[in-house]
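The next block holds one structure in the form of structure tokens; read it before the comments.
No lab work stands behind these numbers, since they all come straight from the coordinates. Please read these numbers as outputs of a predicted model, since none were measured by experiment. Glycine gets a Cβ as well: all are built from the backbone with ideal geometry, and neighbour counts include every protein chain shown.
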Amino acid sequence: MTTPSTTTPQSLRPAAHYTAESTWLNDPNGLVFYEGEYHLFFQNNPSGSTWGNIAWGHAVSTDLLSWEHRPVAIPEEDGEMAFSGSVVVDHRNTAGFASGERPALVAIYTAARHGTDDDPGSQAQALAFSTDGGAVWTRYAGNPVLDIGSSEFRDPKVFWHGDGDGGHWVMVVADPVEHRIGFYTSPNLIDWALASHFGPAHAVGGVWECPDLFPLRIRGTNETRWVLVVSLNPGAIAGGSGTQYFIGDFDGRVFTAERLSDSLDPSDYDWLDFGRDYYAAVSFSNVPDGRRLMIGWASNWEYANETPTGPWRSAMSLAREIELVRAADGRVHVVQAPVLPGDEVTRFEVTVPCADGVRTTLTLTPETTTDERFVISVDGSERRISCDRTTSGNTTFHPTYPSVDWAALPADTGSSVELTIIVDAHLIEVFVGDGRVTFTEQVFPQAPFSRLHRGDIDERD
């Protein structure tokens with residue numbers, strides 16, 4: 001266990017989870033590694049602490065833990081907001097934006113125009129580019145580059161598919177109310193053609209947003225699968241916003257899911273997180289060592305505009321390394337491991353029994369004596385783990401905030417399971433076992449949770 005020495009009892013601002021300096025943020029955008037720095041762009045209201053006036057904020061880091069604020073990258077302009085999207089390094093200068101040997105960074109984002117009572121507005125895909133490593137961004141004069149005449153068409157994730165110059169760009173983009181993902185191809189980031197659609201499938205209780213698609217090798221094998229990530233709001237397993245995923249194959253044009261369930265039970269689907277506060281997760285491009293690193297927005301649209309912080313509001317999750325493993329039943333799953341902070345946060349590593357008849361509670365409390373607590377329960381009989389924040393501090397700012405969230409323990413969990421619990425001011429992240437199950441939860445106590453109390457109940461006695 002490490003205990004923070006710098007967090008003051010009065011502070012709810014996290015130390016290792018990124019927050020905007022004094023304004024609102026939501027979805028991570030344009031995650032890219034370039035010239036020794038991780039670039040985090042994000043949905044930002046530069047002039048307030050609630051959603052609106054949406055632009056691309058910007059921060060950089062060399063370690064994914066300490067972030068430096070940068071000026072707004074793509075501002076709202078002439079009534080056009082810059083919704084979510086991605087950034088690529090155009091190594092081959094396919095778009096022609098680079099003027100020298102240094103490649104251009106190209107942002108592909110949704111240009112969103114306000115609607116009125118008589119006009120639903122519009123959402124189309126647009127480009128901006130930087131030739132100085134991400135400091136200054138210029139909108140492409142030929143925008144939009146992909147417009148299907150829709151008011152609900154957003155959040156493009158773009159990557160290069162194929163070897164060398166024989167490949168092509170792929171755009172993965174959401175048709176939100178249709179509950180489907182479109183796949184478009186382009187030779188140059190400017191001219192796009194529809195290749196296929198995927199969906200509807202699995203959770204469809206809300207709009208589909210913020211897709212991502214990437215290949216991963218199954219740990220310990222030479223087999224590769226593709227992971228399609230789709231965020232959903234509302235209708236997630238814990239309520240409100242959440243992020244599901246599909247395992248399958250992608251041939252450069254068509255994604256084919258390996259397993260699709262006919263069940264209407266959300267617990268039969270694959271979720272990246274079982275807590276209330278993990279949404280719009282997307283991965284970094286251009287990471288040199290081949291790791292797949294992902295960051296999500298640590299909030300929930302049900303109450304995001306009302307969380308009791310200020311002048312900033314909302315934070316990002318810790319960066320997570322994503323891998324694939326094959327379980328004992330043959331199914332392939334995502335596992336996640338956090339980029340671990342140091343002494344600026346509190347961290348507990350605990351091994352908990354999960355044999356039949358044994359129930360263990362792990363209770364987080366402040367250093368001082370209060371009734372505020374966050375309770376993690378592992379029930380060996382029910383084969384499930386839950387997180388209870390109903391008495392975690394300020395729970396009255398929104399009626400849907402108090403919650404008890406749960407997940408089934410992985411089927412091949414033995415008689416005990418290891419938990420990693422990270423507490424960073426108002427954010428708690430729990431990683432179960434090898435990270436196949438995770439919880440991300442916001443809490444708002446009067447003082448940060450820094451103590452862990454354990455209770456084991458053997459119900460067979």
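Counting Lys +1, Arg +1, Asp -1, Glu -1, what net charge surrounds residue 16 among other residues with beta carbon under 12 Å of its beta carbon?
-3
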Cα centroid of segment 336-400 to Cα centroid of segment 254-323, whole Å: 20 Å
Computed magnitude of the charge dipole of segment 317-360 (debye, nearest 20; Cβ of K, R +1, Cβ of D, E -1): 180 debye
Two-site label geometry, residue 63 and residue 363: point separation in nm, points 7 Å out along Cα→Cβ: 3.5 nm
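Once Rh for segment 210-274 is found with the Kirkwood sum over Cα pairs, what is the Stokes-Einstein diffusion coefficient at 20 °C and 1.002 mPa s, in µm²/s?
Diffusion coefficient, whole number: 167 µm²/s.
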Separation of alpha-carbon centers, segment 166-226 and segment 419-461, rounded to whole Å: 34 Å
Packing-based ranking, highest mean first, of 201-209, 333-341 given that Cβ atoms within 10 Å are counted: 201-209, 333-341
Simple spin-label estimate for residue 416 and residue 355 in nanometres, 7 Å along Cα-Cβ: 1.1 nm
